[in-house]
1. If you rank M55, M12 by fewest surrounding Cβ atoms within 10 Å, what's the result?
2. Residue by residue, what Karplus-based ³J(HN,Hα) values in Hz, rounded to whole numbers, does the stretch 176-181 have, using 6.51, -1.76 and 1.60 with θ = phi - 60° and x for Gly and Pro?
3. Would you grab the residues whose amide H sits under 5 Å from the one on N33? Only those 5+ places off in sequence or on another chain, please, with H modelled 1.01 Å from N.
4. Let me know the number of lysine pairs in the chain closer than 14 Å at the Cα, not counting same-chain pairs under 8 apart.
5. Order of K121, K19 from fewest to most other C-beta atoms within 10 Å?
6. Rounded to the nearest 0.05, what FRET efficiency do R213 and F117 have when you use their Cβ-Cβ distance and R0 = 25 Å?
7. Give me the percent relative contact order of the chain, please, defined on Cα pairs under 8 angstrom at least 6 residues apart.
8. Once the Cβ-Cβ distance between C58 and H206 is put in as r, and R0 is 35 Å, what FRET efficiency do you end up with, to the nearest 0.05?
Amino acid sequence: MVLQKVIRAVIMGAPGSGKGTVSGRIIKIFGLNHISSGDILRANIKEKTELGLLMKSCIDQGQLVPDAIMSRLILNDLRRIDSSGWLLDGFPRTISQAEALDHVYTVDTVINLDVPFQTIKERLTSRWTHIPSGRVYNTDFNPPKVPGFDDETGEPLVQRDDDRPDTVTRRLKSYETQTEPVLEYYRSKGVLETFTGTETNKIWPHIEAFLHRKFSLSQRVA
Ligand code: G5P
Ligand code: MG
């Protein structure tokens, strides 16, 4: 029997840098569980859970959800899929969250998408999202087959409330002050891998090649 090491990865990058888009490609090829903190929060808002109702205004204003709530939510999810590999998207976003994760799991690799803020602002105004699955579209880059509807389910797409230009500016500010220090945290642990560019399709082959190397190496040492 071939033992395969469980891969535990994080994808980081500013709001709109392409984390969701790239995650979709990674999970298709490498079969990891995709855990997106934003998708989980938006599902709670849609279902009008107690958490969703409490956090909606915070998210709509482009502020971060409190660390304790976020860490508990994600770590609970991770416990449920403990024995298989995962890709975390949108978590951790502060040093406190990174430390909470570290107490329970060792992260093998952190993929950092480094995309200029000007590119991001243009992208987010034309993003359309399928809330139940988290699938994202863009009227220029990857339009849905039928405008306004999800390719797989045919359900309606929506524009996120936090994609308004003033909220995007606040989210980018919070990224600089609260999330960029997390990059340094992982750099010092030697697990950070940065991919720079303005187009996902140009960055993607480098990420894919990197992950193939990483996966085959981890299978050899398993
Ligand atoms: P989220 O949901 O984690 P963000 O702000 O980190 O939100 P976001 O906005 O989901 O990140 P993304 O996933 O990095 O962006 O990017 P994406 O959706 O794949 O791509 C953006 C758009 O660009 C899409 O339309 C896509 O089609 C298009 N695109 C991709 N590549 C290209 C390209 O090459 N060219 C072009 N033209 N377009 C392209 O978090 C939301 C909120 O939840 C709370 C916070 O309030 C946060 O603001 N939250 C947390 N709070 C505390 N702690 C945490 N850990 C939290 N996690 C979430
Ligand atoms: Mg996303």
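1. By the 10 Å Cβ count, ascending: M55, M12.
2. Taking θ as phi minus 60°, the curve returns 4, 7, 9, 9, 4, x Hz for the stretch 176-181.
3. G85, W86, L87
4. Step by step, the pairs that qualify in the chain add up to 4.
5. K121, K19
6. That gives a FRET efficiency of 0.25.
7. For the chain, the relative contact order is 30 percent.
8. 0.50
Every number here is computed from the coordinates shown, using simple stated rules; none is lab data. For clarity, every value in this text was computed on a predicted model and none was experimentally measured. With ideal geometry, Cβ positions are generated from the backbone for all residues, glycine too; neighbour counts draw on all protein chains shown.
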